[in-house]
Structures are given as C-alpha cells and as structure tokens.
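For reference, the structure is listed below as structure tokens.
Here, each number is a calculation from the coordinates, and none is a lab measurement. Since the model is a prediction, treat every value here as computed from it, not as a measurement. FYI the Cβ positions are ideal-geometry reconstructions off the backbone, even for glycines, and counts take in every protein chain you see.
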Amino acid sequence: MPFGQVNRRKFIAAVGGAVAWPLAARAQQPTLPVIGFLNSASLEAVADRVRGFRQGLKDTGYLEGESVAVEYRWSNGRVDQTPALASELVQRKVAVIAATGGAAAALAAKAASATIPVVFSLAQDPVGLGLVASLARPGGNATGINFFSGELVAKRLQLLRELIPGAARVAVLVNPSNTVNTDTTLKDVQAAAGPVGLEIRIVRASTISEINAAFTTVMRERLDAVFVGQDGFFNSRRVQLTHLASRYVLPATYGGRDFAAAGGLMSYGSDITDAYRQVGVYVGRILKGAKPADLPVVQASKFELVINAQAAHILGLTVPPSLLSLADEVIE
C-alpha cells in the first residue's frame, strides 16, 4: 500500500477519534434538571423579580445554565393563555414548575399536572383556591409563598387617606379578565373602605385602550384618587398608569415599588423580589428531594412603603411627616 495512502488513513482515523471523543464525553455528562417558570406578565415587567428567583436558586446551590436549566413561559398579561403555557411545560417534562405572578399561573400549573411539583407566589388564599389542603401541611404537589392580601388592601387605603385627608370617593381599578384577582381585590376593598370612610367606584380595564378609558371615567366622575389592583397586566403597564395619573393630576396608590419607581405617587406591599427569592429557595429544595406536601406555605413577612416625593410635588401634595417616617424609601 502506498505510504501516502497509509498516512492519510491514519490521519482520518486520528481526526475521527478526536471528534468522537468529545462527543462521547458530552453524551456521558448528566442532563441538567429543568425548571418550568410560568408567569402572567413579561420578562421586561418583572426582571428584578426574576433576579430574586435566581438568587434563591443560588442560595440552594443551583446556577442557571450550569447546574440547572430554566424554561420560561410568559403570558404577557393574557390570563387566558396561561393554561396552554402550563401544558407546554408539562409536555417538556420539567422537574418542577415555579408558578409566579398570581393565582392564574398557580391554578394553571396545578390543573396541568397532579404530579409535577408546583411552587407558587400569590396574594389570594391558597386553601380557598384549592391549591393546598392547609398552609402548614399542603398535602399535594403544590406549595409556595402567600401575601397578606386583605391586610395589605386595608393598609393601602389607610395610607391613602392619611396622605389625602379630604379624599372621599376612590376609583378601584381591576382587570376583569383576571377573575380570581378581581374577586379578591373587590372583596377586600369593600370590607376595608367603610371603616376609613371611603366610597368606592369600580372601574375595569384589560387592554391598553381600556386603561385610557378608565382614567377618562375617573376624571368625568371627579373621583378623588385611584387604587390600582394587583395584577400582572397592570404591572406590565405601570408606565402608562403612572403617566395617566400624573397627566390627570390624580393621586394613586399601587401594590408594588415598581410603580413608585416608574413615577407613581405611593406604593405599599410585600417585598415581591424577596418573595420570588423564596420561590427559588423552595424550587431548589424540591430539586434536592423535598416534597411540596411537606413544605409549609410561607407567609410573606417583608412589607415596604415607598413614596415618590417628586410625584407628590407634581400633584401639589404635601407628604405629612408621619408618612415620611414610616416610608422604607422616599424617591426624591
């Protein structure tokens, strides 16, 4: 056999071995566990919260892209799309679903699978929604983080009344397409409004144009302030909402610091970023072998009052010293 032909064959064999070896090595590497992340908003709307979730994973020893993979599904405020997105994650055979951003995601994930662990974050009562048997002993495939909805609503109205003592009629903005959130918000608001002497006017919006129309209604009826309900769609439209409140010189209260940072007057609510971190911690614990049935639902305990002093100035309001002393942050 010619010398050149032998060398060529040796070269091909050597190259083939060099290519085959890393392929074989990669094939022997363990497959990363996959987390399904289901949210009713968008990445742009909750980027800081996602960082909190990743920190929770890191706290339990997991780094996205290195020791765990994450499949993200966003409904972008379209609650009706959430069940289909949850089904996609089930078909992907994820190890656990982090259902964040409210009841719609949690209920969709729970309905999509009775066996895949679900870690939720929501403001509603998870027992009343049928997600868990009890807070202390969830008993099924779901557990998570729960916010104090009723208490928060009452506190927000009380703070609004303290900031605007003359307020008598308040518009409550809710998203009718998010039935569970809307029902809970209205129940809590109606229970809390009477004791602080406020009359409630309900306005609804589930699209960008309907938000514009809602503020037109508030102005036409000469309402004194706006209470914006907790909702993934509203969070994704926080710039629009705070701009309209400023444009129409309407004091408004919101449920999260994202709104105050976007120019809103005042927010009071749970530290949502920390709640997402706790979701990440629970997901990590489940990946390590813990069962949702044995992990008690965590009641969120960190709350924050954020006041935007610049927005108050634009609205012609003087923030009383008593409120300033209570604020966790004052945005100048």
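Sorted from greatest to least, the principal axis extents spanned by the alpha carbons of segment 79-181 come out as 55, 31, 17 Å. Between residue 261 and residue 249, the contour length at 0.36 nm per residue exceeds the alpha carbon distance by 2.6 nm. Using C-alpha pairs below 8 Å separated by at least 6 residues, the relative contact order for the chain is 20 percent.
Among complete DSSP H helices in the chain, those whose alpha-carbon atoms stretch at least 15 Å along the helix's long axis and whose mean Kyte-Doolittle hydropathy reaches -0.5 are 3-28, 149-163, 179-193, 208-220, 272-287. Here the translational diffusion coefficient of segment 158-285 follows from Stokes-Einstein with Rh set to the Kirkwood radius across Cα pairs; for 37 °C and 0.692 mPa s it amounts to 217 µm²/s. Among 176, 195, 296, the largest mean-square fluctuation in a Gaussian network model of the chain (Cα springs under 10 Å) belongs to 195. Sorted on the mean count of surrounding Cβ atoms within 10 Å across their residues, most packed first, peptides 274-284, 31-41, 123-133 read 274-284, 31-41, 123-133.
Here the alpha carbons of the chain define both size measures, Rg and Dmax, at 24.8, 103 Å. For segment 214-332, place one equal point scatterer on every Cα, skip the solvent, and apply the Debye formula. What is log10 of I(q)/I(0) at q = 0.21 Å⁻¹? Those come out to -1.13, one per q.
Using a cut-off of 22 Å between Cα atoms, the listed pairs 110/187; 93/302; 58/288; 58/155 include 110/187; 93/302; 58/155 as exceeding that distance. Summarised in one figure, the compactness ratio Rg/Rh of segment 55-128, Cα atoms and Kirkwood Rh, is 0.97. Over the residues of the chain, the helix contribution to mean residue ellipticity at 222 nm works out to -14000 deg cm²/dmol, using -39500 (n - 2.57) for each DSSP H run of at least 4. Annotation: the antiparallel percentage among DSSP beta bridges lying fully within the chain is about 10.
The orientation-averaged projected area of the convex hull spanned by the Cα atoms of segment 49-90 comes to 3.6 nm².
Label-to-label distance, residue 90 versus residue 318, with points set 7 angstrom from Cα along the beta-carbon direction: 5.9 nm. Placing dummy labels 7 Å off each Cα toward the beta-carbon, the span from residue 293 to residue 191 is 3.1 nm. Placing a pseudo-label 7 Å from each Cα along the Cα-to-Cβ vector at residue 329 and residue 303 gives an inter-label distance of 1.8 nm. Highest mean packing first, where packing is the average number of other Cβ atoms within 10 Å per residue, the peptides 97-106, 82-91, 212-221 line up as 97-106, 82-91, 212-221.
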